[in-house]
Amino acid sequence: LLDHGFDGIDLRIDNHSTWLIDSQEYGFNEPVVAAYKERYGIDILNEEFDLAHWRAIQGDSYTQFVKEARELTRRNKRPLHIHVNGVWANATPGFDLNNLPKNFEWQWKRWIANDLCDGIHLKLLPWPWGGYRGRGQDFAVNAIELAHRYGKSVSADARIQMDKLVTTEKGAVELTADDVNQVIDSLSWAWRSKAI
């Protein structure tokens, strides 16, 4: 990405590729098994083990990846941003599957505090409408406050949901006046936000 001239990089793992109901079945590859054995003296392939410790080892590995990405982007004078707020959604019925894999610890506060990013990106904000209405408010406020405390920028998706679009035979999309007003309201709400 850097070699192709991109202005910056955004790391996002909280996306649809993590729609798994069995993510706890992943993370038993050789480096994880070896790290757990070295740290706790237990063979996770053949013995009972602590899930929190197992998740932390994998979280540490992902944090190491973030650290190396940060060193690379800094060396190339490019900003590195990280999506952070899939965490709150894990406590929300129905959002469980499409945000974070459950097999590693999500160490986003560490990335901010240890200067492993230039800014954070909020995937979901507590929109004032629809199924997201008010959800994630506390997380968003805390994430923004932490980022600003460490001098990190905060950006967010202005997620516009168009439920009633009409596709013509040519494949073009026709927007009604109501659709256009919804887009304007969505963008205006995001624009007026004082925190992002």
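Using a 1.4 angstrom probe and counting only protein chains, how large is the accessible area of TRP189 in Å², to 10?
So the heavy atoms of TRP189 present about 60 Å² to solvent.
Please give the FRET efficiency for ILE13 paired with GLU47, using the beta carbon to beta carbon distance and R0 = 35 Å, rounded to the nearest 0.05.
Calculated transfer efficiency: 0.75.
Note the full-extension length gain between VAL180 and PHE65 as 0.36 nm times their separation in residues minus their Cα-Cα distance, in nm to one decimal. Present the calculation step by step, with values, prior to reporting the outcome.
Working: separation 115, 0.36 × 115 = 41.40 nm, distance 4.13 nm.
Working it through step by step, the gained length comes to 37.3 nm.
How much accessible surface area, in Å² rounded to 10, belongs to the heavy atoms of ILE44 with a 1.4 Å probe?
ILE44 has an accessible surface of roughly 10 Å² with all protein chains in place.
The values are calculated or read from the model by the stated rules, or taken from the named source; none is laboratory data. Being a predicted model, the structure only gives us computed values, none of them experimental. Every residue, glycine as well, gets a Cβ built from its backbone with ideal geometry; the counts of neighbours run over all protein chains shown. SASA here: full protein model, heavy atoms, side chains in, ligands and nucleic acids out. Shrake-Rupley method; radii C 1.70, N 1.55, O 1.52, S 1.80 Å.
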